[in-house]
1. Label point 7 Å out from T323 along Cα-to-Cβ: which residues of segment 105-131 have amide N under 17 Å?
2. Arranged by the count of other C-beta atoms within 10 angstrom, fewest first, what order do H501, H385, H199 take?
3. Which Cα, out of I71, A29, H40, lies furthest along the positive dipole direction of segment 17-73 (beta carbon charges, K/R +1, D/E -1)?
4. At 7 Å along Cα-to-Cβ for each site, give me the label-to-label distance between E376 and E276 in nm.
5. With point charges of +1 on the Cβ of Lys and Arg and -1 on the Cβ of Asp and Glu, referenced to the Cα centre of segment 204-265, which listed residue (Y204, Y260, T217) lies farthest in the positive direction of the dipole?
6. Any chance you could run the full-extension gain for E110 through R406? It's 0.36 nm times the residue separation minus the Cα-Cα distance, nm to one decimal.
7. According to a simple spin-label model (label point 7 Å from Cα along Cα-to-Cβ), what is the distance in nm between T477 and E290?
8. Report the paramagnetic label zone for Q32: residues of segment 74-113 whose backbone N is under 19 Å from a point 7 Å from Cα along the Cα-to-Cβ axis.
Amino acid sequence: MKYLFTLTLCLLSISILAQTKVTLHTDKAETQINRNIYGHFAEHLGRCIYDGIFVGENSDIPNTNGVRNDIIEALKNLNIPNLRWPGGCFADTYHWKEAIGPKDQRKAIENLSWGNYREDNSFGTHEFLDMCELLEAEPYLAVNMNSGTVQEAVDWVQYTNHQNGTSYLTDMREENGRSTPWNVKYWGIGNESWDCGGHMTVDYYINLYKRYATAMTSYFNTEGLFRIAVGPGFPDYNWTEKLMQEIPARRFEGISLHHYAVNWDHRSSSYDFNDEEYFDILSRAWFMEEFITKNSEVMDKYDSAKRVALIVDEWGGWYDPDTSGNGALYQQNTIRDAMIAGITLNIFNNHADRVRMANLAQTVNVLQAIALTKGESMILTPTYHVMEMYKVHQDATLVPSEVETREFKLGDKQIQAISVSASIDKSEKMHISITNIDNKNGQELEINLNTFKAKKVSGRILSSAKVQDYNSFDNPTKVSPEEFKDAKLNGSSLVVSLPPHSVVVLELVK
């Protein structure tokens, strides 16, 4: 009895002193978090495809049809919902017909976008789409709108989606070993058309887009395609407004956004950075909230029913390349990247009414990768572990939340320290994901569970001694999830004690 009395007093005192108060509106839980928010992006860049994902059928590295088995296993464990390919900037110099048929007859190319190195095109449409089937992930193809043609895009749709025997393209597909269509749903029409995709004006892009979007289907039948128009990669809300005004509603289903946590004037090291550089990158990651909110406001003016989805098909941290990785845009992945992933995925969850797909850049060996490879070895990054912990939100019902938190400060600058999202899955379990980006101070949270009557709470945490910590080939499990025990039920509230720079996912059972 004395112990219970003491515990109650302790919980009450923590509640009173809580620095962060979170209110979960369980009575307003109605929006589904689309599993496609947890998608990935694989571009022909550095060692992402060749040597990262694909090693070829004759490699000594264990593989299935040339795709590394360890990568297959890692992605399956994430319940990967979709994968975007072949770019990126690479897509706008890519011609898909050069990479089909017998491998020894394929046309070798020069990767003009990323280093001018030679590629043998051994990883093409068949290899990518067969891999997506193996992963049970939706393929998301990026159409060459810059150096390609409308007819080339139309042919790609027919080759991948039409029934056998309906055209010379489906005959060609069968000759190349595939009799049934893959039924590719997601098609990005162009990529960064305001930059590497052609430096187009929005008016020029819209007129060209309408040609592609119309021809890729047919005038009256969209054949189930989900066509994604290029949106802004910086705060150009006029671009979004023009898309919503001028593209006919039946000619697009989504608008893409790109946002990286990067300081283009000063790209810091991916693992050797100071407090100021850490704070700067996290500030830029937090901009995702404003970017999505303002684009959504523009879209709401023309689409109050939210028919058109926001697709954040490139996001992540971007730093100085680490030359030890032997590949373009190779970088290490630290606790800082776990913080970026934690707050960004929370933002996507909380905007699930409009954000219905996102793609982390990139899958293997490039930018904020979930895995790094070196010969036969593969390591999982802190970002991988965050996405694995957060997969419980896929297709769950969003619980709207309000957060009152103290700020994370550096000098006269400040940003929000705590990020939260919550959902209830089909088994009626609630999951709460919390990220504390403050690398100096722990946080005490009091979470009002509202009408959710929890009887049990458990959790996992990802953290480490320093924000610069990462997994290496010598120490591949230095940063790994552990059991989290500092969450206590107190009636209709939950009291949580978070250490600095940590990501926690809680599970509550009725």
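What follows is calculated from the coordinates using simple rules that are stated; it is not laboratory data. Note that the coordinates shown come from a computational prediction; the quantities given were computed from them, not determined experimentally. Here the Cβ positions follow ideal geometry from the backbone for every residue, glycine too, while neighbour counts run over all protein chains shown.
1. Inside the label zone: 115.
2. Fewest-to-most Cβ neighbours within 10 Å comes out as H199, H385, H501.
3. Towards the positive end, the residue furthest out is A29.
4. In this crude label model, E376 to E276 measures out at 4.7 nm.
5. With unit charges placed on the Cβ atoms, the residue in question is T217.
6. Full extension from E110 to R406 adds 101.4 nm.
7. In this crude label model, E290 to T477 measures out at 4.2 nm.
8. Residues passing the 19 Å test: 79-83.
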